[in-house]
Amino acid sequence: MLINNAGITRDNLLFKMTEQDWDSVLGVHLKGSFLMTREVQKYQTQEKWGRIVNLSSTSALGNRGQVNYSAAKAGMQGFTKTLAIELGKFNVTANAIAPGFIATDMTAATAERLGMSFEDFKAAAASQIPVQRVGTPDDIANLASFLVSDGAGFISGQVIYVAGGPKD
Ligand SMILES: NC(=O)c1ccc[n+]([C@@H]2O[C@H](COP(=O)([O-])OP(=O)(O)OC[C@H]3O[C@@H](n4cnc5c(N)ncnc54)[C@H](O)[C@@H]3O)[C@@H](O)[C@H]2O)c1
């Protein structure tokens, strides 16, 4: 199984975004996932069994200050669907998880950059989420562990939002 989880943010409004920040974000998320998947699929197709889970984001739907990250995470969705089509005949599935706000080092760093305490940042986010809390890494891990299980073999090419409420 392969989980393409590595990620970075280099947020800025479009008019201030450098080419380097664009390339870094697209490089880690998209090129990194492409290179990892191209290697791992050799073994998965040979074994006639494989599971690939890619981390997208609700930012794929658009998020102010994240033109690079949003493009990368939307790209992860197209990448996932194409993997599902190409690799299905080898019993390899590919799905994407698109988290909303999850309390991790990434969101802690965003709070710091915005000059807010992490607690205040999480409380502000939670107030906008239907279940009235932010997500935890376990919320994502629970879905990932299902998607890589044998029981998920007929689910492929899906993007599942894990955001405490609906997204479209
Ligand atoms: N935290 C959120 O709210 C949130 C929301 C949506 C999607 N995501 C996505 O979930 C994934 C995990 O994010 P997180 O919140 O745990 O972030 P994080 O910053 O806490 O962890 C990211 C991890 O990726 C690793 N990484 C970064 N660049 C790498 C590289 N070039 N090679 C290898 N490893 C590298 C880092 O070392 C770190 O361990 C990311 O893809 C992120 O975009 C996070």
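Readers should treat all values here as calculations from the given coordinates under stated rules, not as data from a laboratory. Note that the structure is predicted; figures quoted are calculated from it, not measured. Note that we place each Cβ from the backbone using ideal geometry, even for glycine, and neighbour counts take in every protein chain shown.
Here are a few things to note about the model shown:
- For region 84-114, the candidate set comprises residues that are part of a loop (DSSP other than H, G, I, E, B) and surrounded by 18 or more Cβ atoms within 10 Å (Cβ to Cβ); within that set, the residue that is nearest to the chain's Cα centre (by Cα) is Gly100.
- When Lys16, Lys81, Lys73 are checked against the criterion of being of a type in the set (Lys, Arg) and in contact with a helix residue (DSSP H, G or I) (Cβ under 7 Å, 6 or more places away or on another chain), a single residue qualifies: Lys73.
- Hey, Ala72 closer than 24 Å to Leu2 by Cα, assigned to a helix (DSSP H, G or I) and within 13 Å of the ligand (Cβ to nearest atom) or not: yes
- When residues in region 41-62 are screened for being more than 10 Å from the ligand (Cβ to nearest atom) and not in a helix (DSSP H, G or I), 7 of them pass.
Table: residues versus (1) within 21 Å of Ile155 (Cα to Cα); (2) in contact with a Ser or Thr (Cβ under 8 Å, 6 or more places away or on another chain); (3) of a type in the set (Ser, Thr, Tyr).
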| residue | (1), (2), (3) |
| --- | --- |
| Asn63 | no, yes, no |
| Ser70 | no, yes, yes |
| Phe79 | yes, yes, no |
| Thr82 | yes, no, yes |
| Ala94 | yes, yes, no |
| Pro99 | yes, yes, no |
| Thr107 | no, no, yes |
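- Within region 1-40, the set of residues being away from the ligand (no atom under 13 Å from the Cβ), over 24 Å from Ser149 (Cα atoms) and of a type in the set (S, T, N, Q) comprises Asn12, Thr18, Gln20.
- Close pairs (8 angstrom Cβ cut-off, 6 or more residues apart or separate chains): assigned to a helix (DSSP H, G or I) in region 135-162, hydroxyl-bearing (Ser, Thr, Tyr) anywhere: Pro137/Thr104; Leu147/Thr93; Ala152/Thr93
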